[in-house]
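K.L.:
Below are the structure tokens for one structure; questions will follow.
The values are calculated or read from the model by the stated rules, or taken from the named source; none is laboratory data. Remember, predicted model here, so these are calculated numbers, not experimental data. All accessible areas refer to the heavy atoms of the entire protein, side chains included, with ligands and DNA or RNA removed. Shrake-Rupley method; radii C 1.70, N 1.55, O 1.52, S 1.80 Å.
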Amino acid sequence: MKKFLAAVLVIAAVVATIVTVSKLNNNAQADTEYLRIHVRANSNSATDQEIKYIVKDEVVKFITPHAAQCVDKQTAIGVIGGILDKIEEVCDRVLKQHGYNYSSRAAVRQEDFPTRVYGDLTLEAGIYDALIIELGSGEGDNWWCVIYPPLCFTSGTADVKYRSAIYDIIHKFFK
């Protein structure tokens with residue numbers, strides 16, 4: 001039994017090393033599965049954080065019908081990239097309605113992100129394509145989600161299942 005456990009630990013270590021080396025080798029390329037969204041607040045003040053969520057709600061309402069037509073990440077990038085000015089209009093309207101004197105900037109670009117967890121989904125640290133919305137200086141904490149696959153742009157996500165590659169490898173090993 002001790003030999004079996006030792007073998008499992010060695011296999012897990014080898015798999016983890018392979019996955020880590022693979023990620024390091026591919027670090028210059030954007031993750032091919034996800035188009036993320038980040039709404040960055042002007043600052044971490046309570047009022048700037050509060051308006052961030054109000055803006056986020058309006059942006060999600062606006063983007064949802066556009067994101068629904070996307071069948072892959074490249075389509076999502078094209079669709080979202082084509083409506084950046086309208087996204088900024090939505091953000092700026094909400095900011096103005098609530099008495100804020102700063103505006104927004106929206107862009108689709110690649111950025112390096114830390115590991116993030118959303119329910120059962122973990123997005124590992126790395127370079128991702130993302131819709132970045134900066135409110136004012138954009139120096140505050142952000143709200144994030146995933147546009148493609150549509151994690152936060154559907155009425156329900158019960159049919160969407162996410163697992164890590166390591167989980168799948170270990171699960172297959174023990175079957």
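K.L.:
Counting heavy atoms of the protein chains only and a 1.4 Å probe, report the per residue accessible area for the stretch 33-80 as a whole number of Å².
P.N.:
On the way: 2130 Å² over 48 residues.
Computed with neighbouring chains in place, this is 44 Å² per residue.
K.L.:
Of LYS96, LYS73, which has the most accessible area with a 1.4 Å probe, and how do the rest follow in descending order? All intermediate terms of the calculation are to be shown ahead of the outcome.
P.N.:
On the way: LYS96 160, LYS73 20 Å².
I get LYS96, LYS73, largest accessible area first.
K.L.:
Between the stretch 117-137 and the stretch 34-104, how many Å separate their Cα centres?
P.N.:
13 Å
K.L.:
Students often forget the sequence filter, so: which aspartates and glutamates lie under 18 Å Cα-Cα from LYS73 once same-chain residues fewer than 8 apart are removed?
P.N.:
ASP31, GLU33, GLU111, ASP112, GLU124, ASP129
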